[in-house]
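Shown next, in structure tokens, is the structure this report addresses.
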Amino acid sequence: MLKVEHIGIAVQSLQKSIPLFEALLNTSCYKQEQVDSEAVRTAFFRKGETKVELLEPTNPESVIARFLEKKGEGMHHIAFDVADIHAEMARLAAAGFTLLNPEPKKGADNKLVCFLHPKDTSGVLIELCQEIF
Ligand code: ZN
């Protein structure tokens with residue numbers, strides 16, 4: 001793992017939360033992207049080497065909708081940048097971590113991603129992400 005790439009925050013409404021995070025971080029949202037496979041709309045902010053990703057559900061079946069129902073708005077995941085996602089997935093699986101997707105999948109922001117089950121990571125959902133070139 002190279003660094004924290006971004007922190008994912010579940011929100012009810014991007015329309016409400018984007019201006020809030022623009023004021024908080026003193027920077028403009030540089031990208032909004034819908035990820036249909038996850039039923040989310042995302043918004044990204046860059047601060048130094050790290051980004052903040054806001055996630056808004058696009059339908060009530062979305063994992064983000066279920067998260068909001070259970071826990072309300074708040075931190076959803078921490079994403080680590082990896083150089084070789086296949087190698088990192090193999091290393092972590094061998095170390096006993098549960099991969100939520102057995103193959104990397106296409107995520108937001110031009111990334112291949114894999115999530116680790118929070119039951120193995122002290123309750124924090126971890127995302128591995130590798131930039132697609
Ligand atoms: Zn993410």
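The values are calculated or read from the model by the stated rules, or taken from the named source; none is laboratory data. In this text, all values refer to a predicted model and were calculated from it rather than measured experimentally. Glycine gets a Cβ as well: all are built from the backbone with ideal geometry, and neighbour counts include every protein chain shown. SASA here: full protein model, heavy atoms, side chains in, ligands and nucleic acids out. Shrake-Rupley method; radii C 1.70, N 1.55, O 1.52, S 1.80 Å.
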Original post:
For His86 and Lys47, what does the FRET efficiency come to when R0 = 41 Å and r is the distance between their Cβ atoms, rounded to the nearest 0.05?
Top reply: 0.90
Subject >> Net charge, His76 excluded, C-beta distance under 12 Å - Lys, Arg +1, Asp, Glu -1 >> reply: -2
Original post:
What does the convex hull of the alpha-carbon atoms of region 9-130 project to on average, in nm²?
Top reply: 7.6 nm²
Subject >> Under-5 Å amide H pairs with Leu100, H placed in peptide plane, nonlocal only >> reply: Phe115, Leu116, His117
Original post:
Is it possible to state the helix-based mean residue ellipticity at 222 nm for the chain, with each DSSP H run of 4+ residues giving -39500 (n - 2.57), the sum divided by total residues, to the nearest 500 deg cm²/dmol? What is it?
Top reply: -7000 deg cm²/dmol
Original post:
Given region 1-78, what percent of its DSSP beta bridges are antiparallel, to the nearest 5?
Top reply: 75 percent
Original post:
Thr58 to Leu24: FRET efficiency via 1/(1 + (r/R0)^6), r the Cβ-Cβ distance, R0 25 Å, to the nearest 0.05?
Top reply: 0.55
Original post:
How much area per residue is accessible in the chain when the probe is 1.4 Å and only protein heavy atoms are counted (Å²)?
Top reply: 55 Å²
Original post:
How large is the charge dipole for region 1-74, taken about the Cα centre, if only the Cβ atoms of Lys, Arg (+1) and Asp, Glu (-1) carry charge, to the nearest 20 debye?
Top reply: 220 debye
Subject >> Ranked by how many other beta carbons lie within 10 Å on average, peptides 10-17, 67-74 from highest >> reply: 10-17, 67-74
**OP:** Please sort 108-117, 29-38 by packing, taking for each peptide the average over its residues of neighbouring beta carbons within 10 angstrom, highest first.
**Re:** 108-117, 29-38
Subject >> Charged-residue dipole, Cβ positions (Lys, Arg, Asp, Glu), the chain about Cα centre, Debye nearest 20 >> reply: 240 debye
Original post:
Normalised by the number of residues in the chain, what is the relative contact order in percent for Cα pairs under 8 Å and 6+ residues apart?
Top reply: 26 percent
Subject >> Vicinal HN-Hα couplings computed from phi for region 7-21 (Karplus, 6.51 cos²θ - 1.76 cosθ + 1.60; Hz; Gly/Pro x) >> reply: 10, x, 10, 7, 10, 6, 8, 4, 4, 7, 7, 4, x, 5, 6
Original post:
Where the centre of each part is set by its Cα atoms, how far does region 93-131 sit from region 5-36, in angstrom?
Top reply: 21 Å
Original post:
Which whole-Hz ³J(HN,Hα) couplings does region 52-64 yield from phi under the Karplus relation 6.51 cos²θ - 1.76 cosθ + 1.60, θ = phi - 60°, glycine and proline marked x?
Top reply: 10, 10, 8, 10, 10, x, 9, 7, x, 8, 4, 4, 6
Original post:
Which residue, chosen from Ser37, Pro19, Pro57, occupies the Cα position most advanced towards the positive end of the dipole of the chain, where the dipole is computed from +1 (Lys, Arg) and -1 (Asp, Glu) charges on Cβ about the Cα centre?
Top reply: Pro19
Original post:
Restricting attention to the alpha-carbon atoms of region 67-133, what are Rg (one decimal) and Dmax (integer), both in Å?
Top reply: 12.3, 36
**OP:** Calculate how many DSSP beta bridges within region 46-133 are antiparallel, expressed in % of all such bridges and rounded to the nearest 5.
**Re:** 75 percent
Subject >> Percent carbon-and-sulfur accessible area, the chain, ignoring ligands, DNA and RNA, probe 1.4 Å >> reply: 55 percent
